[in-house]
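The block underneath contains the structure these notes are about, expressed in structure tokens.
The values are calculated or read from the model by the stated rules, or taken from the named source; none is laboratory data. Quick caveat, the model's predicted, so the values are computed rather than measured. Note that we place each Cβ from the backbone using ideal geometry, even for glycine, and neighbour counts take in every protein chain shown. What goes into the accessible areas is simple: the full protein's heavy atoms, side chains included, and nothing from ligands, DNA or RNA. Shrake-Rupley method; radii C 1.70, N 1.55, O 1.52, S 1.80 Å.
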Amino acid sequence: MEKGKIKVTVEDIFPVIKKFLYSDNEIFIRELVSNATDAILKLKTLINLGKFNKKIDDLIIEIVIDKENQILKIIDNGIGMTKKEVKKYINQIAFSGAEEFLRKYKDKNNEYIIGNFGLGFYSSFLVSDKVEIISKSYKDYEDAIHWICDGTTNFSIKNIDKPKSGTEIRLHINDSSKEFLEENKIKELLIKYCKFMPIPIKLGEREVNNPYPLWVKNPINVKDEEYINFYKELYPLQIADPLFWIHLNIDHPFKLTGVLFFPKIKNQIEIQRDKIQLYKNKVYVTDNLEGIVPDFLNLLQGVIDSPDIPLNVSRSYLQSDSSVKQISGYITRKVAEKLENMCKNNREDFENNWEDIKIIIEYGMISDSNFYSKAKKFALYPDINKKSFLLEEYIKKAKKFKNNKIICFYTSNIENQNSYIKTIKNKGYKILLLDSPIVGHLLQKIEMDYKNLNFFRVDSDQIDQILKNENQNISNLSKEETNILENILKTNIDNHKFIIKIEDLSDFSLPFLITVPEFIRRMKEISMTGNNLFNINNLNSKYNLIVNKNHKLIKKIINEKDLNIKKNLIKNSLHLIMLSQNLLRGKELTDFIYNSFEMLSK
């Protein structure tokens, strides 16, 4: 038996592997099965080149659990290793057998060889006290070998008898990792990390992987039903089918395949439990793509696969990798192209899907400047009558104010803002329905882009002034009556809650309107979705109380001689308008209800 010390090219390789190279100990299953896959793919290449006589159909990876002896085995019948190769690729850690093999047989259809056997193999010590390698090279004249290491730099190696080519890795699982001796746990990890590897993987009596995933197929030959079935294979707990999908397939300037699905999201930005999965040559890398692809793409689901993505690295390394950045830009462009084509070629279907996908698009517009510029061609702005416009379409129809200004009125809730909608509709203006939780962010972005365009929600404090300037109303009150009204309101309305504004509105407008300053309301909405650029605690939280002095109720309040009746008219009117805006709560609401029933009982 030969003994020696492992030659490493970095100091203290085992702590480096454990602390920096792999953030999760379960990753060992991916690495060892990837190595087994490489070994078989190498042998397939040799078979196809006529250098080895064997049936390709018999090539397989087996996972065997020996719970009694606390051993986990990963067995392949691939190319195997000689003693010389073990010394080179295992004892000298930094070399990669796959890289050397590719150099030797380049341009021989080896695109699925993953690489870095040495480093990947040493992930086994994350869960093992001792690791054995039993391997026989495909070269019949070479002896089989048995290599043993206890996790230090010491190893032993000897020749043994083994009739067939291939490699068996035996992991002596340590006491803190016994979960990896449970079949259900290993199955779960194989499905997570190895589900689409190109070689059959057997656990017990069953194969657990799909070597021919849909994303490697030519999109022309894939039916809609196949996409939906694949979506359910990826996310078996999802009940609803995806709305549509994008099949990625590119060879230059980098190789990339994949399928991205648009799920039904509606008006909620949620932490996605079923995320996009990143693969390298069918080998799972991560589903945490934060910082790797634009944030809004994390609302999609599906698979991205590229041989240009590093495998044995941390997510922070992925974020800075130039290939990953290129891939990110390409995916963003393809998503934008798909949406633009849908809007252009089948506008009706696109409009029908808008409610379910608008959050993805709007999030993309506010978070990615490149996507924003492309989204102008397909982002929709529906009105309260369910007619949808591109922004440029709406601007052409919108009425222009002084200085060529364009005002877009919008509502975020048709029911709650119904009275305001009615006032503006009566003036002949169109009203958009913009009700997503991030619309405040989006409108800020659009207004910065279109300098002559402003958005105002129908309950904005500036609406009355806009309408007043557009249509000068003649006041029904004299100057003296207006002064009397001001004093009455100051006496009977809490100035800590409301800023009172007396305006000449039309006689069909309500006597009282409550508005929120547009800027403050919008900043509060933005802060609620996670943007902390503004300290909302320092913003004025008062509401504007617009008093329409042309309404007949206001005249009645002025002329009423009984002070109690006058006070109750103001109080009940104020409570009514507060109730309509969901601002009447607690004791005020309770008192209002009791007083209303009391009045009805008289």
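Please work out if residue 87 is over 15 Å from residue 166 (Cβ atoms), more than 41 Å from the chain's Cα centre (by Cα), modelled with pLDDT under 90 and part of a helix (DSSP H, G or I).
yes
For residue 425, the conditions (1) open to solvent by less than 70 Å² (accessible area, probe 1.4 Å); (2) modelled with pLDDT under 95 all hold with the exception of (1). Checking each residue in the range 437-456 for being part of a loop (DSSP other than H, G, I, E, B) and open to solvent by less than 10 Å² (accessible area, probe 1.4 Å) picks out only 438.
Against the numbered list (1) modelled with pLDDT under 85; (2) surrounded by 13 or more Cβ atoms within 10 Å (Cβ to Cβ), residue 569 comes up short only at (1).
Within the option set 502, 493, being touching a Leu at 6+ places or on another chain (Cβ under 9 Å), of a type outside the set (Lys, Arg) and at pLDDT 85 or above holds for one residue only, 493. Screening residue 24 with (1) open to solvent by 50 Å² or more (accessible area, probe 1.4 Å); (2) of a type outside the set (Val, Ile, Thr); (3) at pLDDT 85 or above gives one miss only, at (3).
Name the residues in the range 31-57 that are outside any helix (DSSP H, G or I) and either among the aromatic types (Phe, Trp, Tyr) or closer than 15 Å to residue 75 by Cβ (or both), would you? Result: 52, single match. The selection criterion, being open to solvent by 30 Å² or more (accessible area, probe 1.4 Å), touching a residue at least 60 places away in the same chain (Cβ under 8 Å) and either closer than 20 Å to residue 441 by Cβ or not aliphatic (A, V, I, L, M) (or both), holds for residue 416. Listed by first and then second residue, the pairs with beta-carbon distance under 6 Å, at least 6 apart or on different chains, first residue in the range 227-249 and farther than 19 Å from residue 335 by Cα, second buried (at least 16 other Cβ atoms within 10 Å of the Cβ) and of a type in the set (A, V, I, L, M), are 230/214.
The strands (runs of 3 or more DSSP E) falling completely within the range 131-245 that include 3 or more residues that are more than 42 Å from the chain's Cα centre (by Cα) and buried (at least 18 other Cβ atoms within 10 Å of the Cβ) map to 144-149.
Looking only at residues in the range 51-81 that are open to solvent by 80 Å² or more (accessible area, probe 1.4 Å) and acidic (Asp, Glu), the one that is nearest to residue 123 (Cα to Cα) is 68.
Taking every residue in the range 563-583 that is under 16 Å from residue 545 (Cβ atoms) and pairing it with any residue that is among the β-branched types (Val, Ile, Thr) and open to solvent by less than 80 Å² (accessible area, probe 1.4 Å), at least 6 positions away or on another chain, the pairs with Cβ-Cβ distances below 6 Å are 569/557; 577/514; 581/514.
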